[in-house]
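Written out below as structure tokens is the structure these notes cover.
Just so it is clear, none of the values below were taken in a lab; they were calculated from the coordinates. This one's a predicted model, so the numbers in the text were calculated from it and none came from an experiment. FYI the Cβ positions are ideal-geometry reconstructions off the backbone, even for glycines, and counts take in every protein chain you see.
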Amino acid sequence: MKKSIIAVAVLGAMSGAAFAQVAPNNITLYGVVDIAFLRTSVEETGQQTKTTTGLNAGNQSGNRWGLRGSEDLGGGLKANFRLESGFNIVNGNSGQGGRLFGRHAWVGLSGGFGEVRLGRQTLFSSAEVTGIADPFDNGFGIAGFQLLSSAAGTQRNDNTVTYRTPAMNGLQGAVYYTFGGKATPVPASESKDNWLGGGVTYSAGPLNLGLSYDTKDSSTNAAGSRDDKWLNLVGSYNFGAAKVHAGYVKEETTGEDKTGYILGATVPLGGGELLAAYQSGKVDIIAAGVADPKIRGLSVGYTYALSKRL
């Protein structure tokens, strides 16, 4: 689901003319500005209900601006880059812990072999796989798959090398490795933070499928440490009158194991889209004597694009 605003398009057109004087190839300035009025009530057992009211940044889509481009190197090769900065429209602060380009900062090389990307980037599971199962397209916070899967649209890694295959008859895959950047052995209180994973997607007309598996070396010198693992299996099918979504997640992280599923639908209605999702899951806490919580979620929404360009 593409989100943009007219002001960004105007700025992009003006900047494109300036870039053309120094760069012969495609460079795009883009962005999203998203703000909402939000009233939230949280009720906890044995405590008074907490209600907050105010403006909320990035309710549907994370606020961002960025530059992306490519240069034809000849022989079927292209050099590519993407720099993307997140920010909070409510107070103007930079996102992702104050990073200048916290959402993306990578350069790559593509050709008939596929594409290699080097730098900070969103994992394939977050960028390409989990959104298939989510009617809310990994937006609107925990309304969709993010309630269950920590890989849903949010995981970005530094110091990462990714290889993406070319798309072949609707099939595309990717593998990656994240260098932890820490000496071995690590102190007992720190993890190595090396990641390894990948995934595959398949698209054929109305059918979309995806599978991803990510691992993080969370082991330390402390007793009882272990690796973290994330598995996502997703699918969707567009019947025309409605698009149905489904997904399964299994996570094994330090301290807990989690399994869950999502069922959802996207229905064209009145020029917009009606969105609905049901999430169910359970968490197994490894620590003794701690109750295992259950996850239940029901979300309904409606989006309507006021801009005719969307």
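For the charge dipole of the range 114-310, defined by +1 on Lys and Arg C-beta atoms and -1 on Asp and Glu C-beta atoms about the Cα centroid, which residue among SER280, GLN121, ALA204 has the Cα displaced farthest towards the positive pole?
Among SER280, GLN121, ALA204, the one farthest towards the positive end of the dipole of the range 114-310 is ALA204.
Full-extension gain between ALA167 and THR215, please, as 0.36 nm times their residue separation minus the C-alpha to C-alpha distance.
Details: separation 48, 0.36 × 48 = 17.28 nm, distance 2.44 nm.
Fully extending the segment from ALA167 to THR215 adds 14.8 nm.
Taking R0 as 35 Å, what FRET efficiency do you get between LYS308 and GLN47 from their Cβ-Cβ distance, rounded to the nearest 0.05? Kindly include the intermediate steps, with their values, before the conclusion.
On the way: r = 47 Å, r/R0 = 1.35.
FRET efficiency, LYS308 to GLN47: 0.15.
Work out from phi, with θ = phi - 60° and the Karplus expression 6.51 cos²θ - 1.76 cosθ + 1.60, the ³J(HN,Hα) of each residue of the range 156-172, listed in order in whole Hz, and give x for Gly and Pro.
Once θ is set to phi - 60°, the couplings for the range 156-172 become 10, 10, 6, 6, 10, 10, 10, 10, 10, 6, x, 6, 10, 6, x, 9, 9 Hz.
According to a simple spin-label model (label point 7 Å from Cα along Cα-to-Cβ), what is the distance in nm between ILE286 and THR40?
2.9 nm
Placing unit charges on C-beta atoms (Lys and Arg positive, Asp and Glu negative, everything else neutral), compute the dipole magnitude of the range 114-310 about its Cα centre in debye, rounded to 20. Don't jump to the answer; show the numbers that get you there.
Details: 17 positive and 18 negative charges, 88 e Å.
Roughly 420 debye for the range 114-310.
Students often get this wrong, so check it: of LYS243/LYS308; LYS192/LYS243; LYS192/LYS258; LYS78/LYS250; LYS229/LYS294; LYS78/LYS258, which have C-alpha atoms separated by over 30 Å?
Details: LYS243/LYS308 22 Å; LYS192/LYS243 41 Å; LYS192/LYS258 22 Å; LYS78/LYS250 37 Å; LYS229/LYS294 20 Å; LYS78/LYS258 41 Å.
Pairs exceeding 30 Å: LYS192/LYS243; LYS78/LYS250; LYS78/LYS258.
Taking just the alpha-carbon atoms of the range 114-310, what radius of gyration and Dmax come out, in angstrom?
Looking at the range 114-310, its Cα Rg and Dmax stand at 18.4, 60 Å.
If you stretched the chain out fully between VAL90 and ALA246, how much longer would it get, using 0.36 nm times the residue separation minus the C-alpha to C-alpha distance? List each step's numbers first, then the result.
Details: separation 156, 0.36 × 156 = 56.16 nm, distance 3.38 nm.
The VAL90-ALA246 span can extend by a further 52.8 nm.
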